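Worksheet: the structure to be examined is printed underneath.
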Amino acid sequence: MLTTRPRGTNDILPGDVEKWQYLEGQICRICSEYGFSEIRTPIFEHTELFLRGVGDTTDIVEKEMYTFNDRGERSITLRPEGTAPVVRAYLEDRLYAGPQPVKLFYTGPMFRYDRPQSGRFRQFHQFGVEVFGSHDPAVDAEVMAMAMDLFARLGLRNLELRVNSVGCPACRIVLRRRLQDFFRPRLDNLCKNCRDRFEKNPMRILDCKEKRCKEAGAGAPTTIDCLCDGCAGHFEQVKKHLDLLNLSYIVDSCLVRGLDYYTHTAFEIMASDIGAQSSIGGGGRYNRLVETCGGPPTPGIGYALGMERIILLMERQGIETPGTPGKDVFVVTAGQATSTEAFKLLFGLRSAGLSADKDYMNRSLKAQMKYAAKAGARFAVIVGEEELKQGVALVRDMSTGAQEAVVFGGIVEYLCLKQL
RNA sequence: GUGGGUGUAGCUCAGCAGGCUAGAGCACCAGAUUGUGGCUCUGGGGGUCGUGGGUUCAAGUCCCAUCAUCCACCCCA
């Protein structure tokens with residue numbers, strides 16, 4: 001073999017690809033029901049989009065981007081996430097000039113140079129939605145409810161919706177100061193990482209999984225403690241709307257999402273059955289992002305779900321998806337003289353909308369029958385020399401074994417009727 | 001970037017404390033009085049034992065390196 005697939009990438013083979021098609025089908029349906037239109041953006045963008053959009057102190061930008069110079073010496077990056085490109089399109093294609101809000105969804109591959117592990121890949125796929133133009137807390141609730149609705153339709157169980165509000169920039173300044181005041185006397189108890197975070201982004205200390213940091217963080221001011229009246233009111237309304245939908249959730253004041261652009265609502269959906277990478281999706285409000293990208297002040301909210309993780313979870317929970325249906329008909333030849341008639345019959349069947357195939361391996365009649373059975377054919381049409389002379393062929397019902405001679409010219413019609 | 005586990009046929013794995021032409025099950029292909037499948041039986045093809053060094057009379061088996069993969073940390077989907 002010349003080479004293998006690059007690390008952290010996957011081939012999705014027949015037998016698995018049906019799961020993806022099923023998931024994509026459910027996504028399309030729910031998006032249409034919730035009023036989202038699909039947008040397809042390029043897989044690569046100018047690097048600065050992510051530097052500015054995602055935030056240049058985030059892990060994604062600092063160590064996970066696939067960045068390279070193209071032949072024109074432009075810095076190009078394979079998209080590590082979907083929101084920034086959609087925001088770019090919203091601006092570039094002037095979607096703000098149309099009726100608001102603009103509700104968009106996307107699916108597709110994303111790229112992050114991480115070390116692969118269970119549920120994590122260098123090329124992975126996300127489904128995401130974005131809503132531009134509305135401040136309404138009901139929209140926050142709607143997108144969360146939509147994500148949970150999708151999971152419910154897929155049959156997933158034991159999920160946890162965690163919700164928090166990270167406030168607006170004004171709240172963050174307050175929080176930052178109060179956190180630094182709180183942790184300053186406890187700096188020695190923090191892990192090395194968190195001592196860095198103390199200056200760079202003290203909010204992240206709350207998110208640390210180290211025991212010592214969790215202990216040191218007990219009683220620390222949280223994002224919710226520092227919300228201004230406006231942000232607190234918004235958060236109350238979000239929760240009220242979630243309650244209206246009877247959606248269960250956990251308020252997690254430690255939930256701080258990794259991307260810089262979040263304001264107000266932040267949420268994450270956790271699953272317990274898929275290993276350490278337990279988040280199957282997350283999102284939040286990003287009221288400053290459009291402006292950061294050079295557009296008019298425009299509120300936005302969205303989420304992204306990890307499709308590999310969803311499929312992994314479905315497998316772990318034993319959820320069955322429809323497989324590829326077998327062929328309708330397999331055309332079997334017996335004798336050299338029958339091959340041209342069989343070939344023409346095959347195409348006649350297909351023109352009539354039946355899925356049909358024949359042997360191309362020069363196999364014996366017996367082997368052809370075996371293959372037909374394995375391929376899940378519902379009918380076999382056996383074109384034999386003797387029968388052909390009499391102008392008929394044998395049509396065999398593979399499930400019952402019943403077989404009858406049918407006038408050759410009438411086989412397509414005969415089978416079409418059988419299918420119904 | 002850090003740490004640990006694993007790498008033998010297409011797949012799941014055996015291969016004992018280094019020693020004869022490297023095995024099994026499944027899958028694939030072909031047969032079982034020559035024109036009929038899903039069961040059974042028989043046979044067959046297919047392996048640079050991840051790769052490169054080293055130790056040894058002798059290495060799939062020991063040592064080193066490297067690559068890949070899995071899992072975990074970090075972080076995230």
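Which of the listed residues, A:GLY25, A:PHE44, A:VAL139, is farthest toward the dipole's positive end in the stretch A:16-141, when Lys, Arg count +1 and Asp, Glu count -1 at the beta-carbon?
Highest projection toward the positive end goes to A:PHE44.
Could you give the angle, 0 to 90 degrees to the nearest 10, between helix A:137-154's Cα long axis and the longest principal axis of the Cα atoms of chain A?
With rounding to tens, the tilt is 40 degrees.
Please return the longest range in chain A lying between exposed loop sites, taking chymotrypsin sites (Phe, Trp or Tyr not before Pro), DSSP loop only, at most 15 other beta-carbon atoms within 10 Å, and leaving the sites out.
Within chain A, the longest run free of exposed chymotrypsin sites (Phe, Trp or Tyr not before Pro) spans A:114-359.
I'd like to check one number: the per residue accessible area of chain A, probe 1.4 Å, reported in Å² as a whole number.
50
Between A:THR400 and A:LEU365, with labels modelled 7 Å along Cα→Cβ, what's the label distance in nm to one decimal, could you check?
Each label point lies 7 Å from its Cα, and together they span 2.3 nm.
So which trypsin sites (Lys or Arg not before Pro) in the stretch A:340-420 pass both tests, a DSSP loop state and at most 15 other Cβ atoms within 10 Å of the Cβ? Numbers along the way, then the final one.
On the way: sites: A:LYS344, A:ARG350, A:LYS358, A:ARG363, A:LYS366, A:LYS370, A:LYS374, A:ARG378, A:LYS389, A:ARG396, A:LYS418; in loops: A:ARG363, A:ARG378.
Here the sparse-neighbourhood loop sites are A:ARG363.
Using only Cα atoms and rounding to the nearest 10 degrees, what angle (0 to 90) does helix A:307-316 make with the longest principal axis of chain A?
70
To the nearest 20 Debye, how big is the dipole of the stretch A:279-336 about its Cα centre, given +1 on the beta carbon of each Lys and Arg and -1 on that of each Asp and Glu?
Here the stretch A:279-336 has a charge dipole of around 200 debye.
In the stretch A:104-210, what GluC sites (Glu not before Pro) fall in a loop by DSSP, with at most 16 other Cβ atoms inside 10 Å?
A:GLU210
If I compute solvent accessible area with a 1.4 Å probe over the protein chains, what percent of it on chain A is carbon and sulfur?
50
Give the residue from A:GLY72, A:ALA97, A:ASN287 lying farthest towards the positive end of the charge dipole for chain A; charges sit on Cβ (+1 for Lys and Arg, -1 for Asp and Glu) and the dipole is referred to the Cα centre.
So the residue we want is A:GLY72.
Treating the angle as unsigned and between 0 and 90°, give the value, to the nearest 10°, between the Cα long axis of helix A:169-183 and the longest Cα principal axis of chain A.
Between helix and principal axis, roughly 70 degrees.
Once you have the Cα-Cα distance between A:GLU92 and A:ARG178, take 0.36 nm times their residue separation minus that, and quote the gain in nm to one decimal.
Separation in residues times 0.36 nm, less the Cα-Cα distance, equals 27.0 nm.
Using the Cα centre of the stretch A:329-419 as the reference point, and only Cβ charges (+1 on K/R, -1 on D/E), how large is the resulting charge dipole? Debye, rounded to the nearest 20.
That gives a dipole near 320 debye.
Take every Cα-Cα distance within chain A, group them into 10 Å bins from 0 onward, and report for each bin the whole-number percent of pairs it holds.
With a bin width of 10 Å, the distribution comes to 4, 18, 23, 19, 13, 10, 8, 4, 1, 0.
Going through the stretch A:161-252, which trypsin sites (Lys or Arg not before Pro) have at most 13 other Cβ atoms within 10 Å and a DSSP loop state?
A:LYS209
Taking only DSSP H segments of four or more residues, each worth -39500 (n - 2.57), what value at 222 nm results for chain A once the sum is divided by all its residues, to the nearest 500 deg cm²/dmol? All intermediate terms of the calculation are to be shown ahead of the outcome.
On the way: 15 runs with 155 residues, N = 420.
Only helices count here, giving -11000 deg cm²/dmol.
What's the magnitude of the charge dipole for chain A around its Cα centre, counting Lys and Arg as +1 and Asp and Glu as -1 at the beta-carbon? Answer in Debye, nearest 20.
Working: 54 positive and 53 negative charges, 208 e Å.
Approximately 1000 debye in magnitude.
The values are calculated or read from the model by the stated rules, or taken from the named source; none is laboratory data. Not measured: the values here are computed from a predicted model. Virtual Cβ from ideal backbone geometry, glycine too; neighbours counted across all protein chains shown. Side chains included, ligands, DNA and RNA excluded: accessible areas come from the protein's heavy atoms. Shrake-Rupley method; radii C 1.70, N 1.55, O 1.52, S 1.80 Å.
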